[in-house]
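Undergrad: First, the structure itself, so that you have it in front of you.
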Amino acid sequence: MGNSKKKCNWRAVRGFAFAACLTAGCIAAGSLTSAQVRSAQQGSVANSRLLNAQEGRAIVDAARDQDGPGRGAQDCSHLVHQTYLDAGFEYPYTSSFELYAGSDNFERVRHPQPGDLIVWPGHVGIVLKPLEHSFYSLVSTGLEAQNYEGTYWRSRGRHVSTATKWRTRKS
């Protein structure tokens, strides 16, 4: 019983720490673990679940169907937003900076799946093949798949992986 009480207290402390760090801007420095973010965000989107593998593949397919920056895709975050819309998963537009800091519509994950997002401050892409570390995004050379563990992307600093939370209807 004493252990469960300690866990409860630590959860409250982590939740408070997350809120304090968010206010202070230390998420941009990458100081919180995904478990702390997940803990703090639980319940922030009622009746939600992460997208399943089939839904993730639908997002990857929509990304691969892009033949040029689509309507409204002025940058990477607009491309991701439009790709999700094309796949049937609508969420309010969110910039890459907001995605990196944390969004109610996305949950940080340690191991991304196809269709999840890979995010740096100022850039976002859609994970294609996690085992190959490949992602799809609008980059300076156009729409392209690249390795998010490559030299350039590693030089951009720490990245985070996020999975989409999909709101489900109340029963």
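The values are calculated or read from the model by the stated rules, or taken from the named source; none is laboratory data. Here the structure is a predicted model, which means the values were calculated and not measured. All Cβ positions, even for glycine, are placed from backbone atoms using ideal geometry, and neighbour counts span all protein chains on display. With ligands, DNA and RNA removed, areas are computed over all heavy atoms of the protein, side chains included. Shrake-Rupley method; radii C 1.70, N 1.55, O 1.52, S 1.80 Å.
Undergrad: Given the conditions (1) in contact with a Cys (Cβ under 7 Å, 6 or more places away or on another chain); (2) more than 17 Å from Asp61 (Cβ to Cβ); (3) modelled with pLDDT of 95 or more, which single one is not true for Leu138?
TA: Against the list (1) in contact with a Cys (Cβ under 7 Å, 6 or more places away or on another chain); (2) more than 17 Å from Asp61 (Cβ to Cβ); (3) modelled with pLDDT of 95 or more, Leu138 comes up short only on (3).
Undergrad: Ok, one more. Search segment 40-69 for residues that are of a type outside the set (S, T, N, Q) and pair each with any residue that is at pLDDT below 80 and assigned to a loop (DSSP other than H, G, I, E, B) when their beta-carbon atoms are under 7 Å apart and the residues are at least 6 apart or on different chains.
TA: Qualifying pairs under 7 Å: Arg49/Thr168.
Undergrad: If you take the residues in segment 70-93 that are closer than 22 Å to Ala145 by Cβ, in a loop (DSSP other than H, G, I, E, B) and touching a strand residue (DSSP E or B) at 6+ places or on another chain (Cβ under 8 Å), which one is most open to solvent (accessible area, probe 1.4 Å)?
TA: My answer is Asp75.
Undergrad: Let me ask something else about it. Out of the residues in segment 135-161 meeting the condition of being among the small types (Gly, Ala, Ser) and in a loop (DSSP other than H, G, I, E, B), tell me which one is surrounded by the fewest Cβ atoms within 10 Å (Cβ to Cβ). Lay out the reasoning, then the answer.
TA: Initial filter on segment 135-161 (among the small types (Gly, Ala, Ser)): 137, 140, 142, 145, 150, 155, 157, 161.
Those left that are additionally in a loop (DSSP other than H, G, I, E, B): 140, 150, 157.
Details: Ser140: 5, Gly150: 11, Gly157: 13.
The extreme case among them is Ser140.
Undergrad: Another question, if that's okay. Considering only residues of segment 99-134 that are of a type in the set (Gly, Ala, Ser) and open to solvent by 10 Å² or more (accessible area, probe 1.4 Å), which is nearest to Tyr84 (Cα to Cα)? Let's see the steps before the verdict.
TA: Taking segment 99-134 first, the residues of a type in the set (Gly, Ala, Ser) are 101-103, 115, 122, 125, 134.
Next, from what is left, pick out any that are open to solvent by 10 Å² or more (accessible area, probe 1.4 Å): 101-103, 122, 134.
Working: Ala101: 20, Gly102: 18, Ser103: 15, Gly122: 19, Ser134: 18 Å.
Checked segment 99-134; the qualifying residue nearest to Tyr84 (Cα to Cα) is Ser103.
Undergrad: Looking at the structure I just gave you, is Thr164 of a type in the set (S, T, N, Q), within 30 Å of Asn47 (Cβ to Cβ) and not in a loop (DSSP other than H, G, I, E, B)? Walk me through how you get there before you give the answer.
TA: Values: of a type in the set (S, T, N, Q): yes; within 30 Å of Asn47 (Cβ to Cβ): yes; not in a loop (DSSP other than H, G, I, E, B): yes.
Taking the combined requirement at face value, the residue satisfies it.
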